[in-house]
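The values are calculated or read from the model by the stated rules, or taken from the named source; none is laboratory data. Quick caveat, the model's predicted, so the values are computed rather than measured. Cβ sites come from the backbone with ideal geometry, for glycine too, and all protein chains shown count toward neighbours. Please note that ligands, DNA and RNA were not included when accessible areas were found on the heavy atoms of the full protein model with its side chains. Shrake-Rupley method; radii C 1.70, N 1.55, O 1.52, S 1.80 Å.
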Amino acid sequence: MKKIIAFVIALVSLHSFAQENNFKLIGDFPNLKKADSIHLCNIKGKDLIPFSSAKIDNGTFTLSGYIPYEDEYYTKVTTFGEDPQYGKLFVEKRELTYSGVLSKYPKFEVNGSLYAHKVYASHKNPEYLELRKKVMALESGNPTDEQKVTIQKLQQDLFPIIGNVEYSWYPETHPKHQIHLADQYYYDKEFEKFETQALQVTETYPDHPGAKRMGYVLQFYKERKAKEAAGIVKKSRVGTQYTDVTAQDVEGKAYSLKFLKTTNWSC
(Lines give C-alpha, C1' and ligand atoms only; values in the text may rest on other atoms or scores of the structure.)
Protein backbone atom coordinates (compact mmCIF):
# COMPACT_ATOMS: atom_id res chain seq x y z
CA MET A 1 0.00 0.00 0.00
CA LYS A 2 2.83 2.37 0.91
CA LYS A 3 4.45 1.67 -2.45
CA ILE A 4 1.20 2.56 -4.25
CA ILE A 5 0.85 5.80 -2.30
CA ALA A 6 4.48 6.70 -3.01
CA PHE A 7 3.94 5.98 -6.71
CA VAL A 8 0.85 8.22 -6.83
CA ILE A 9 2.70 11.04 -5.05
CA ALA A 10 5.54 10.69 -7.55
CA LEU A 11 3.11 10.97 -10.48
CA VAL A 12 1.49 14.07 -8.99
CA SER A 13 4.90 15.62 -8.44
CA LEU A 14 5.94 14.91 -12.01
CA HIS A 15 2.68 16.44 -13.30
CA SER A 16 3.18 19.54 -11.14
CA PHE A 17 6.75 19.89 -12.38
CA ALA A 18 5.62 19.57 -15.99
CA GLN A 19 3.09 22.36 -15.47
CA GLU A 20 5.54 24.82 -13.92
CA ASN A 21 5.58 28.32 -15.37
CA ASN A 22 7.48 28.43 -18.64
CA PHE A 23 6.71 31.99 -19.81
CA LYS A 24 6.79 35.52 -18.47
CA LEU A 25 5.30 38.46 -20.32
CA ILE A 26 5.94 42.02 -19.15
CA GLY A 27 3.73 44.67 -20.75
CA ASP A 28 3.80 48.46 -20.82
CA PHE A 29 0.86 49.87 -22.79
CA PRO A 30 -0.04 53.53 -22.03
CA ASN A 31 -3.41 53.11 -23.80
CA LEU A 32 -4.41 50.67 -21.01
CA LYS A 33 -3.77 53.05 -18.10
CA LYS A 34 -7.44 53.01 -17.08
CA ALA A 35 -7.86 49.25 -17.52
CA ASP A 36 -8.26 46.84 -14.60
CA SER A 37 -7.02 43.44 -15.78
CA ILE A 38 -5.61 41.54 -18.74
CA HIS A 39 -6.21 37.89 -19.56
CA LEU A 40 -4.41 35.53 -21.96
CA CYS A 41 -6.99 33.18 -23.46
CA ASN A 42 -7.42 29.91 -25.28
CA ILE A 43 -10.29 29.51 -27.74
CA LYS A 44 -12.94 26.92 -27.03
CA GLY A 45 -15.65 27.01 -29.67
CA LYS A 46 -16.69 30.67 -29.78
CA ASP A 47 -15.56 31.35 -26.21
CA LEU A 48 -12.32 32.77 -24.85
CA ILE A 49 -11.09 30.85 -21.80
CA PRO A 50 -8.46 32.72 -19.69
CA PHE A 51 -5.42 30.69 -18.61
CA SER A 52 -3.30 33.54 -17.25
CA SER A 53 -4.50 36.83 -15.72
CA ALA A 54 -2.91 39.90 -14.16
CA LYS A 55 -3.89 43.25 -12.72
CA ILE A 56 -2.99 46.30 -14.80
CA ASP A 57 -1.23 49.09 -12.90
CA ASN A 58 -1.09 52.36 -14.85
CA GLY A 59 -0.74 50.47 -18.12
CA THR A 60 1.84 47.94 -16.89
CA PHE A 61 1.40 44.26 -16.02
CA THR A 62 3.22 40.95 -15.71
CA LEU A 63 1.68 37.72 -16.98
CA SER A 64 3.15 34.30 -16.29
CA GLY A 65 2.09 30.70 -16.53
CA TYR A 66 2.41 27.55 -18.59
CA ILE A 67 1.87 27.16 -22.35
CA PRO A 68 2.14 23.86 -24.23
CA TYR A 69 2.86 25.68 -27.49
CA GLU A 70 4.50 28.96 -28.47
CA ASP A 71 1.85 30.82 -30.39
CA GLU A 72 -0.18 34.00 -30.72
CA TYR A 73 -2.88 34.05 -28.04
CA TYR A 74 -5.94 36.26 -27.65
CA THR A 75 -5.84 38.94 -24.98
CA LYS A 76 -8.90 40.25 -23.19
CA VAL A 77 -8.58 43.55 -21.35
CA THR A 78 -11.31 44.43 -18.85
CA THR A 79 -12.14 47.92 -17.61
CA PHE A 80 -14.89 48.63 -15.08
CA GLY A 81 -18.00 50.01 -16.80
CA GLU A 82 -16.66 49.43 -20.33
CA ASP A 83 -16.77 46.66 -22.92
CA PRO A 84 -13.72 44.37 -23.01
CA GLN A 85 -10.94 45.12 -25.48
CA TYR A 86 -9.44 42.28 -27.50
CA GLY A 87 -6.05 41.81 -29.07
CA LYS A 88 -3.30 39.25 -29.58
CA LEU A 89 0.20 38.67 -28.22
CA PHE A 90 2.74 36.06 -29.26
CA VAL A 91 3.84 34.08 -26.19
CA GLU A 92 7.15 32.20 -26.08
CA LYS A 93 8.67 29.91 -23.47
CA ARG A 94 10.87 32.67 -22.07
CA GLU A 95 10.60 36.24 -20.77
CA LEU A 96 9.29 38.79 -23.27
CA THR A 97 8.78 42.54 -22.90
CA TYR A 98 6.06 44.33 -24.85
CA SER A 99 5.52 48.08 -25.12
CA GLY A 100 3.36 50.37 -27.25
CA VAL A 101 -0.34 50.17 -28.14
CA LEU A 102 -2.34 47.00 -27.60
CA SER A 103 -5.65 47.24 -29.46
CA LYS A 104 -7.53 45.95 -32.51
CA TYR A 105 -4.98 47.85 -34.60
CA PRO A 106 -1.80 47.28 -32.56
CA LYS A 107 1.49 49.13 -32.72
CA PHE A 108 4.09 47.80 -30.36
CA GLU A 109 7.61 46.46 -29.98
CA VAL A 110 8.81 43.25 -28.36
CA ASN A 111 12.17 42.44 -26.80
CA GLY A 112 13.74 39.15 -25.73
CA SER A 113 12.04 37.00 -28.38
CA LEU A 114 13.12 34.44 -30.95
CA TYR A 115 10.02 34.82 -33.13
CA ALA A 116 7.67 37.55 -31.89
CA HIS A 117 9.84 40.45 -33.03
CA LYS A 118 9.59 39.06 -36.57
CA VAL A 119 5.84 38.48 -36.28
CA TYR A 120 5.26 42.10 -35.30
CA ALA A 121 7.86 43.73 -37.55
CA SER A 122 4.87 44.70 -39.72
CA HIS A 123 3.97 47.34 -37.13
CA LYS A 124 6.78 49.46 -38.59
CA ASN A 125 5.58 48.95 -42.16
CA PRO A 126 4.71 52.42 -43.62
CA GLU A 127 1.79 50.91 -45.59
CA TYR A 128 0.35 49.37 -42.41
CA LEU A 129 0.77 52.59 -40.44
CA GLU A 130 -1.01 54.63 -43.15
CA LEU A 131 -3.92 52.16 -43.42
CA ARG A 132 -4.13 52.01 -39.62
CA LYS A 133 -4.35 55.79 -39.42
CA LYS A 134 -7.16 55.91 -42.01
CA VAL A 135 -9.32 53.16 -40.52
CA MET A 136 -8.96 54.47 -36.96
CA ALA A 137 -9.98 57.96 -38.10
CA LEU A 138 -13.13 56.56 -39.75
CA GLU A 139 -14.03 54.41 -36.74
CA SER A 140 -13.50 57.22 -34.23
CA GLY A 141 -16.70 58.96 -35.27
CA ASN A 142 -20.12 57.61 -36.16
CA PRO A 143 -19.40 56.08 -39.60
CA THR A 144 -22.09 56.09 -42.26
CA ASP A 145 -23.01 52.94 -44.18
CA GLU A 146 -20.77 54.11 -47.01
CA GLN A 147 -17.88 54.68 -44.59
CA LYS A 148 -18.42 51.23 -43.08
CA VAL A 149 -17.88 49.73 -46.53
CA THR A 150 -14.69 51.77 -46.82
CA ILE A 151 -13.57 50.55 -43.38
CA GLN A 152 -14.11 46.95 -44.40
CA LYS A 153 -12.05 47.44 -47.56
CA LEU A 154 -9.25 49.07 -45.56
CA GLN A 155 -9.32 46.17 -43.08
CA GLN A 156 -9.00 43.67 -45.92
CA ASP A 157 -5.78 45.43 -46.91
CA LEU A 158 -4.59 46.00 -43.35
CA PHE A 159 -5.03 42.64 -41.63
CA PRO A 160 -3.01 40.60 -44.17
CA ILE A 161 -0.03 42.89 -43.49
CA ILE A 162 -0.25 42.07 -39.77
CA GLY A 163 -0.51 38.37 -40.56
CA ASN A 164 2.43 38.28 -42.97
CA VAL A 165 4.34 35.46 -41.26
CA GLU A 166 6.88 33.12 -42.88
CA TYR A 167 7.11 29.45 -41.92
CA SER A 168 10.88 29.67 -42.54
CA TRP A 169 11.20 31.78 -39.38
CA TYR A 170 10.73 28.63 -37.30
CA PRO A 171 12.82 25.43 -37.10
CA GLU A 172 11.27 22.43 -38.84
CA THR A 173 10.47 20.83 -35.49
CA HIS A 174 8.39 23.83 -34.42
CA PRO A 175 4.60 23.37 -34.88
CA LYS A 176 4.34 26.85 -36.39
CA HIS A 177 6.64 25.75 -39.20
CA GLN A 178 4.38 22.81 -40.04
CA ILE A 179 1.23 24.93 -39.84
CA HIS A 180 2.55 27.62 -42.16
CA LEU A 181 3.87 24.94 -44.50
CA ALA A 182 0.30 23.73 -45.00
CA ASP A 183 -0.90 27.28 -45.52
CA GLN A 184 1.30 27.70 -48.59
CA TYR A 185 -1.07 25.50 -50.61
CA TYR A 186 -4.18 26.79 -52.36
CA TYR A 187 -7.05 25.05 -50.60
CA ASP A 188 -9.01 24.54 -53.84
CA LYS A 189 -6.35 24.06 -56.50
CA GLU A 190 -3.95 22.02 -54.37
CA PHE A 191 -6.44 20.37 -52.05
CA GLU A 192 -4.72 16.97 -51.92
CA LYS A 193 -1.39 18.49 -50.88
CA PHE A 194 -3.12 20.76 -48.38
CA GLU A 195 -5.14 17.87 -46.97
CA THR A 196 -2.04 15.71 -46.46
CA GLN A 197 -0.16 18.45 -44.63
CA ALA A 198 -3.23 19.63 -42.67
CA LEU A 199 -3.98 16.09 -41.45
CA GLN A 200 -0.40 15.69 -40.30
CA VAL A 201 -0.61 18.98 -38.38
CA THR A 202 -4.00 18.31 -36.76
CA GLU A 203 -3.01 14.77 -35.75
CA THR A 204 0.37 15.81 -34.35
CA TYR A 205 -0.82 18.97 -32.54
CA PRO A 206 -4.56 18.40 -31.91
CA ASP A 207 -4.85 21.10 -29.23
CA HIS A 208 -2.69 23.74 -30.95
CA PRO A 209 -4.70 26.93 -31.75
CA GLY A 210 -3.31 27.09 -35.28
CA ALA A 211 -3.97 23.38 -35.86
CA LYS A 212 -7.57 23.81 -34.71
CA ARG A 213 -8.07 26.65 -37.18
CA MET A 214 -6.58 24.50 -39.93
CA GLY A 215 -8.94 21.69 -38.99
CA TYR A 216 -11.92 24.00 -39.50
CA VAL A 217 -10.61 25.04 -42.94
CA LEU A 218 -9.98 21.42 -43.94
CA GLN A 219 -13.47 20.37 -42.87
CA PHE A 220 -15.05 23.25 -44.82
CA TYR A 221 -13.33 22.31 -48.07
CA LYS A 222 -13.94 18.58 -47.60
CA GLU A 223 -17.67 19.24 -47.20
CA ARG A 224 -17.64 21.59 -50.16
CA LYS A 225 -15.93 19.03 -52.39
CA ALA A 226 -18.37 16.32 -51.25
CA LYS A 227 -21.29 18.57 -52.28
CA GLU A 228 -19.64 19.28 -55.62
CA ALA A 229 -19.19 15.55 -56.23
CA ALA A 230 -22.85 14.99 -55.40
CA GLY A 231 -23.90 17.78 -57.76
CA ILE A 232 -25.28 19.92 -54.93
CA VAL A 233 -22.81 22.74 -55.60
CA LYS A 234 -21.94 23.73 -59.15
CA LYS A 235 -18.25 23.92 -59.85
CA SER A 236 -17.15 27.36 -60.95
CA ARG A 237 -15.57 27.65 -64.35
CA VAL A 238 -12.03 28.98 -64.52
CA GLY A 239 -12.00 32.75 -64.46
CA THR A 240 -15.47 33.15 -62.95
CA GLN A 241 -16.09 34.84 -59.60
CA TYR A 242 -16.88 32.54 -56.68
CA THR A 243 -19.56 33.31 -54.13
CA ASP A 244 -17.93 34.81 -51.06
CA VAL A 245 -18.89 33.65 -47.57
CA THR A 246 -18.72 35.77 -44.41
CA ALA A 247 -18.55 34.59 -40.80
CA GLN A 248 -17.75 36.19 -37.44
CA ASP A 249 -14.88 35.51 -35.04
CA VAL A 250 -15.02 35.52 -31.23
CA GLU A 251 -14.93 39.32 -31.21
CA GLY A 252 -17.94 39.56 -33.51
CA LYS A 253 -15.70 40.84 -36.31
CA ALA A 254 -16.72 39.71 -39.80
CA TYR A 255 -14.30 37.87 -42.09
CA SER A 256 -14.96 36.76 -45.64
CA LEU A 257 -13.75 33.55 -47.29
CA LYS A 258 -11.70 35.76 -49.60
CA PHE A 259 -10.01 37.30 -46.56
CA LEU A 260 -9.39 33.84 -45.08
CA LYS A 261 -7.61 32.72 -48.23
CA THR A 262 -5.52 35.84 -48.80
CA THR A 263 -4.35 36.07 -45.19
CA ASN A 264 -1.14 34.33 -44.13
CA TRP A 265 -2.35 33.43 -40.62
CA SER A 266 -0.15 33.80 -37.60
CA CYS A 267 -2.39 31.99 -35.10
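Table for the structure above
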item: Solvent accessible area, Å² - ARG213, 1.4 Å probe, full protein context; result: 30
item: Shape category assigned to region 84-210 from the gyration tensor of Cα positions, a/c cut at 1.5; result: oblate
item: Average Cα contact separation per residue, region 38-102, under 8 Å, 6 or more apart, as relative contact order %; result: 27
item: Solvent-accessible surface ranking, highest first, for GLU146, GLU72 at 1.4 angstrom; result: GLU146, GLU72
item: Model label zone, ASN142; criterion: amide N under 20 Å from point 7 Å along Cα-to-beta-carbon; scope region 68-108; result: 83
item: Point-to-point label distance, PHE80-ILE49, nm (Cα→Cβ direction, 7 Å offset); result: 3.0
item: Heavy-atom SASA rank of THR75, THR173, THR62 (probe 1.4 Å, accessible area, largest first); result: THR173, THR62, THR75
item: Sequence ranges 175-183, 152-160, ranked by mean other-Cβ count within 10 angstrom, highest first; result: 175-183, 152-160
item: 30 Å Cα-Cα threshold exceeded, pairs from LYS34/LYS107; LYS107/LYS212; LYS76/LYS193; LYS44/LYS107; LYS134/LYS176; LYS176/LYS222; result: LYS76/LYS193; LYS134/LYS176
